[in-house]
Structures are given as C-alpha cells and as structure tokens.
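Below: the structure, in structure tokens.
No value in this document is a laboratory result; all are computed from the given coordinates. These numbers come from a predicted model, not from an experiment. Note: ideal-geometry Cβ built from the backbone for every residue, glycine included; neighbour counts use all protein chains shown.
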Amino acid sequence: SVPLSFFGGIGGASKIGVLVKGSNYLEALAEVDTVVFDKTGTLTSGTFSVTGIHPQDGTSAEELLALAAHAEAFSDHPIAVSIKQAYTGRIDQADVEDAREESGHGVVATVQGRTVCVGNAKLMAAHGITCDACELTGTILHVAADGRYLGHIVIADTVKDDAASAIRDLHAAGVERCVMLTGDRAEVAQAVARELGIDEVEAQLLPQDKVGKVEELLDTARGNLAFVGDGINDAPVLTRADVGIAMGAMGSDAAIEAADVVLMDDKPSNIARAVRLARRTMAIVW
Ligand code: ADP
Ligand code: MG
C-alpha cells in the first residue's frame with residue numbers, strides 16, 4: 001500500500017505547479033544529485049528574435065527570410081516558430097512540398113520547386129554546402145537553395161527569469177552537478193552556462209548524442225539523475241533518466257507523455273522546490 005504522506009507530497013507538488021506521476025518518482029526525486037538540462041525552451045524562453053540577416057551576393061534580406069520561413073512552414077521547433085513570426089509576409093503552404101525535419105540539424109523542403117535547406121553548419125555539411133559565418137554570439141541559421149549557399153540569419157534567445165535562481169537553489173539543496181546539453185553552437189552554450197552558473201556544458205549534440213551523454217553521467221552519478229527538457233527532440237533522453245522532467249506549458253505532447261514529472265508553468269526554479277518537498281515527504285514516510 002502507498003503511505004498516505006505520499007499523497008500529501010504529490011498534492012503539495014501539484015500546488016506549486018509540479019505534476020508528479022507516481023509516488024515512485026517522488027521517492028526518486030528525493031535522491032537526485034545530478035540535474036541535466038536541455039537549453040532551448042528549458043533554460044531559455046525558446047522565443048528567438050532575429051538579430052541579423054546576412055544574405056550573400058544576389059539574394060536580398062527579404063528573400064532570405066521568406067525562404068527560411070517557407071521551409072519551416074510545417075515545423076513546430078521553437079526556431080521555426082520564431083522565424084515564421086519574424087517574417088511579416090504571407091506563407092503559402094501550397095508553395096511548400098516534401099518538408100522534412102532533420103532532428104538536431106534543421107529542415108529541408110521544396111519551396112516553389114527549389115530544394116531549400118535551413119539549419120546549422122552540420123546540416124550544410126551533410127548536404128555538401130560550404131558555409132561561413134564568423135558571428136561570435138547567437139544561434140545561426142544557414143540558408144541554401146539547390147545546393148547554393150544564400151547566407152545566414154542570426155537569432156537570439158533569452159534565458160528564463162528564474163533560470164539562474166533555479167541552478168542556485170539546486171546547488172543550495174545539495175545537488176552536486178547541474179549539466180546543460182544542447183544542439184546549439186558552443187559559443188551560445190558557454191555564454192548561457194556562464195550566466196547561469198551551470199557546472200558542465202556540452203554543445204553541438206544531436207538528440208542521440210544527448211542519450212549517450214546522459215548514460216555516461218548515469219554511470220558516475222552517486223544518486224539519481226534528472227533530465228529536464230521541453231521534448232522537442234529530447235523525448236528519448238527523458239525516458240532514459242531516473243527522473244524525466246518536462247515543460248508542461250510550452251513543451252510537446254510527446255514530452256509530457258514521456259516524462260515522470262511535469263512543470264506546469266515551465267519554471268525551472270520549481271525543480272529545487274520539488275526536490276525539497278520530495279525529501280520532506282520521504283522523511284515522513286521513513
Ligand atoms: P537544443 O539542444 O538547444 O534544445 P535542438 O536539439 O532542438 O536544440 O536543435 C539543435 C540545433 O539544430 C539548433 O540549435 C539549430 O541549429 C538546429 N535546428 C533544429 N531544428 C531546427 C529547425 N526547425 N530549423 C532550423 N534549425 C534547426
Ligand atoms: Mg530542445
């Protein structure tokens with residue numbers, strides 16, 4: 001039988017906007033000593049603004065943004081949503097065919113008969129396209145059509161209001177390692193990690209690389225490992241962790257399904273509160 005105080009613990013968690021899917025996860029949460037975060041949409045808002053448009057010869061800034069917005073027509077990645085928001089023209093979905101998402105890379109679609117690639121340097125390399133951008137900061141979206149490089153768009157995201165306090169509170173609660181894993185560039189990843197006081201950071205990871213990293217961390221963790229993500233590309237890692245924590249408001253349905261714990265208002269600061277509450281609950285149960 002499940003001790004009554006478990007219900008108290010789960011109920012208490014729900015009052016602060018944390019949905020715990022079972023008493024076993026409350027128990028696991030109490031023993032967490034490693035918290036691994038996804039970056040985009042988890043520690044950052046996931047709402048990117050366009051900070052620069054750099055077309056190559058022959059292409060206009062407007063055309064570059066229009067091509068990117070069309071290629072992203074069917075994607076619900078935070079980057080895609082942001083690009084479509086920045087484009088003020090109309091997106092005619094009938095102009096877009098064979099759109100496919102290349103997880104951790106970007107998108108490829110046929111736009112008005114042209115094969116358009118929009119994504120990071122890895123995507124360009126995979127399609128044999130040479131690109132160069134010497135930007136120091138920001139996430140870079142390279143754009144190519146029919147194998148020709150057309151330029152890049154720089155986008156920037158902001159860290160969530162409570163992200164720094166979330167890391168501070170976890171450390172204060174005795175969580176030893178706060179790690180961030182991201183598919184974004186190392187420059188962006190390091191800047192965010194520094195700003196937030198993250199202990200370890202790994203960048204330019206594909207979704208499957210994140211699973212590998214979490215497995216390495218599981219091997220060396222003394223207690224339990226929690227992974228926190230928004231589920232865009234990270235549902236497999238959520239299930240691999242001892243405790244999978246998903247964003248409930250902006251997160252994907254797949255993540256909410258795959259997770260053991262859901263943060264209803266997407267606030268990373270609620271993780272430390274949930275850990276403390278779980279420990280208090282276990283202290284009563286023992
Ligand atoms: P994160 O690890 O920060 O959550 P993802 O794994 O979702 O990021 O994506 C990693 C990288 O892949 C992004 O930084 C971006 O460069 C590229 N990318 C992924 N999806 C898209 C997309 N729909 N459009 C353009 N680029 C994308
Ligand atoms: Mg992600």
**Item:** Isotropic mean projected area of the C-alpha convex hull, the range 149-286 (nm²)
**Value:** 9.6 nm²
**Prompt:** If you put +1 on each Lys and Arg Cβ and -1 on each Asp and Glu Cβ, how big is the dipole of the range 49-156 around its Cα centre, in Debye rounded to 20?
**Reply:** 120 debye
**Prompt:** How many angstrom lie between the C-alpha centres of the range 239-280 and the range 196-237?
**Reply:** 14 Å
**Debye intensity ratio I(q)/I(0), log10, the chain, q values 0.12, 0.13, 0.16 Å⁻¹ (C-alpha model)** = -0.74, -0.84, -1.15
**Asked** Ranked highest first by average number of other Cβ atoms within 10 Å, how do 73-82, 58-67, 268-277, 237-246 line up?
**Response** 237-246, 268-277, 73-82, 58-67
**Item:** Amide N proximity, the range 104-146 versus A94 label position 7 Å along Cα-to-Cβ, cut-off under 15 Å
**Value:** 112-113
**Request:** For E63 paired with M264, estimate the spin-label separation in nm (one decimal), with each label point 7 Å from Cα along the Cα-to-Cβ line.
**Result:** 5.1 nm
**Asked** R0 = 41 Å: FRET efficiency of T130 with I16, Cβ-based, nearest 0.05?
**Response** 0.25
**Message:** Bins of 5 Å, beginning at zero and ending with the bin holding the largest distance: percent of Cα pairs per bin for the range 49-156, please.
**Reply:** 2, 14, 27, 29, 21, 7, 1, 0
**Prompt:** Given charges of +1 on the Cβ of Lys and Arg and -1 on the Cβ of Asp and Glu, with all other atoms neutral, how large is the dipole of the chain about its Cα centre, in debye to the nearest 20?
**Reply:** 860 debye
**Prompt:** So, in Å, what gap is there between the alpha-carbon centers of the range 154-181 and the range 47-90?
**Reply:** 29 Å
**Prompt:** Per residue of the chain, what 222 nm ellipticity follows from adding -39500 (n - 2.57) for every DSSP H run with n ≥ 4, rounded to the nearest 500?
**Reply:** -11000 deg cm²/dmol
**Asked** Taking Cα atoms of the range 9-71, Rg/Rh with Kirkwood Rh, to two decimals?
**Response** 1.33
**Prompt:** Using Cα-only point scatterers and the Debye equation, what is log10 of I(q)/I(0) for the range 161-229 at each q in 0.15, 0.20, 0.23 Å⁻¹, rounded to two decimals?
**Reply:** -0.50, -0.88, -1.12
**Prompt:** Between T220 and Q56, what FRET efficiency follows from the Cβ-Cβ distance if R0 is 45 Å, with the result rounded to 0.05?
**Reply:** 0.50
**Complete:** Taking only Cα atoms of the range 222-286, the Rg to Rh ratio with Kirkwood Rh works out at 1.01
**Degrees separating the helix 270-285 axis from the principal Cα axis of the chain, which is the longest one** = 20 degrees
**Asked** Which of the pairs K39/K213; K15/K84; K84/K213 have their Cα atoms more than 26 Å apart in this structure?
**Response** K15/K84; K84/K213
